[in-house]
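These notes concern the structure reproduced below.
The values are calculated or read from the model by the stated rules, or taken from the named source; none is laboratory data. Keep in mind that this is a model prediction, so the values were computed, not measured. Cβ placement follows ideal geometry from the backbone for every residue including glycine, while neighbour counts extend to all protein chains displayed. Only protein heavy atoms, including side chains, enter the accessible area calculation; ligands, DNA and RNA are left aside. Shrake-Rupley method; radii C 1.70, N 1.55, O 1.52, S 1.80 Å.
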Amino acid sequence: MAAPLELSCWGGGWGLPSVHSESLVVMAYAKFSGAPLKVNVIDNTWRGSRGDVPILTTEDNIVSQPAKILNFLRKQKYNADYELSARQGADTLAYIALLEEKLLPAVLHTFWVENDNYFTVTKPWFASRIPFPLSLILPGRMSKGALNRILLTRGEPPLYHLQEVEAQIYRDAKECLNLLSHRLGTSQFFFGDMPSTLDAYVFGFLAPLYKVRFPKVQLQEHLKQLSNLCRFCDDILNSYFRHSLGGISPAGQETVDANLQKLTQLVNKESNLIEKMDDNLRQSPQLPPRKLPTLKLTPAEEESNSLQRLSP
């Protein structure tokens, strides 16, 4: 009997099994390859690390990062690429590198750096799945981590300023989307009628961008103009995740959005309160510690105390 495979990942919303791109990549590949994963969705009772999500756990191994998890699944005979030619395998590696270089920075920026999106959607959603008081700290750290990751790959000369970096990453992302749309054409998947690793990566990067309702939708609007990529995401959701999602009616989605708005207000109020308390503590005058006065005894009292210590 094969060892049980458990995947710990961020949960879903907006009709997605997960709103986290890297979690979606692994979940989609598992569906394509037939890997029997038991999915453990992270919520505010989770006590493990969130920095390495998704995490695959077996009896003898703990594996993180999508590429390493997919390689591990292939070694367990769950291979979605067994029908690909050597040329198609090389194309897969090239397109994944293109996605990570050209599209991922814009996806990170849309979720974690764009202020309106972060404060109204991303921060409240993730904060609701992290226990208090870490819910007030970790989303900010994740946002800084995303910004540092963007600047690490894009903040080199001649792009010194963040605004210049933002303009460039969105240009690159739109070019990448156009290239993916041209490569997919009218096919169901990128290499014919069967999904592969490349389909898992493209779906994982595009589906959250396509489905999550953001106030700032610069890249989302461009994606929705590419009908074959939108159809690609919808087909995978309907074919491979319909039972796990159970379907969300428009009225139900409106309720979810209303609850998220209320949660946004609550999280922002708590964050503002913590910041004000911190500012007040920093600005308050720091008084030196008071010394307790030393009481001096009269000679008569000293003699009385000495007699009491000597008496049995």
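Okay, here's what the table says:
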| quantity | calculated |
| --- | --- |
| Residue check, Leu223 assigned to a helix (DSSP H, G or I) and modelled with pLDDT of 95 or more | yes |
| Odd one out for Arg141, checked against (1) within 22 Å of Ala207 (Cα to Cα); (2) at pLDDT 90 or above | (1) |
| Test: residue in the stretch 189-204 that is open to solvent by 20 Å² or more (accessible area, probe 1.4 Å), among the small types (Gly, Ala, Ser) and within 28 Å of Leu84 (Cα to Cα) | yes |
| Members of the stretch 11-54 that are open to solvent by less than 10 Å² (accessible area, probe 1.4 Å) and at pLDDT below 85 | Ile42 |
| Segments classed as helices (runs of 4 or more DSSP H), wholly inside the stretch 52-127, with at least 1 members that are of a type in the set (D, E, K, R) and without any contact (Cβ under 8 Å) to a residue 60 or more places away in the chain | 66-75, 86-98 |
